[in-house]
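Nothing in this text is a laboratory measurement; each read-out follows from the coordinates by a stated rule. All values reported here derive from a predicted model rather than from experimental measurement. Cβ atoms come from the backbone with ideal geometry, glycine included; neighbour counts cover every protein chain shown.
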Amino acid sequence: MTPKPLPTHKPPAEWNARELEVLRQEYSLIGTACQSLLPDRSPAAIHAQAKAQGLPPPRRWSAEELSILQREYPLRGEACRAMLPGRGALAINVQAHRMGLRPPTPAFRLALSGKTPRGRA
């Protein structure tokens with residue numbers, strides 16, 4: 001029986017300018033969750049590159065921020081960003097997802113506004 005050849009590993013691809021820009025803009029806000037924006041990079045690769053670039057680690061959510069998110073996200077979705085200075089829409093959506101929160105449906109927002117759907121009296 002012939003032994004199976006060992007798998008060959010490609011060396012990691014160089015980071016391109018777009019990837020580095022995404023990393024610079026998003027890493028300090030959402031950490032390795034920016035993998036959704038960098039699908040060809042693993043969380044370990046993202047962390048290592050951020051460290052190599054000297055980027056600060058992601059800012060932790062304070063208890064007050066988490067409380068606001070818990071209370072407001074189901075009602076306002078990412079519009080609660082106005083109550084969370086320094087947090088972008090992506091960071092808010094990622095943290096809300098981690099907490100198991102869901103944004104309001106369009107019908108729920110409409111009901112809260114007191115308006116009627118178009119074309120209905």
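So for the range 17-59, Kirkwood radius off the Cα pairs, Stokes-Einstein at 10 °C and 1.306 mPa s: how many µm² s⁻¹? Can you show the working numbers first?
Values: Rh = 9.8 Å.
So the translational diffusion coefficient is about 162 µm²/s.
Okay, which of the range 78-97 sit inside 19 Å, backbone N to the point 7 Å along the Cα-Cβ direction of Ser67?
Counting backbone N atoms under 19 Å from the label point, the list is 80-87, 96.
Grab the beta carbon distance between Arg59 and Ala13, set R0 = 30 Å, and tell me the FRET efficiency rounded to 0.05.
Working: r = 29 Å, r/R0 = 0.96.
For R0 = 30 Å, the calculated efficiency reads 0.55.
Full extension from Ala82 to His97: what is 0.36 nm times the residue separation minus their Cα-Cα distance, to one decimal in nm?
Numbers: separation 15, 0.36 × 15 = 5.40 nm, distance 1.85 nm.
Gain on stretching Ala82 to His97: 3.5 nm.
With a cut-off of at most 16 other beta carbons within 10 Å, and DSSP calling the residue loop, which trypsin sites (Lys or Arg not before Pro) in the range 1-79 qualify? Please list them. Walk me through the numbers before you get to the answer.
Details: sites: Arg18, Arg24, Arg41, Lys51, Arg59, Arg60, Arg71, Arg76; in loops: Arg41, Arg59, Arg60.
When the trypsin sites (Lys or Arg not before Pro) of the range 1-79 are filtered for loop state and at most 16 Cβ neighbours within 10 Å, Arg59, Arg60 remain.
In whole Hz and in residue order, list the ³J(HN,Hα) couplings for the range 38-48 that follow from phi through the Karplus curve 6.51 cos²θ - 1.76 cosθ + 1.60, θ = phi - 60°; x for Gly and Pro.
So the J values, rounded to whole Hz, are 10, x, 8, 10, 7, x, 5, 5, 5, 4, 5.
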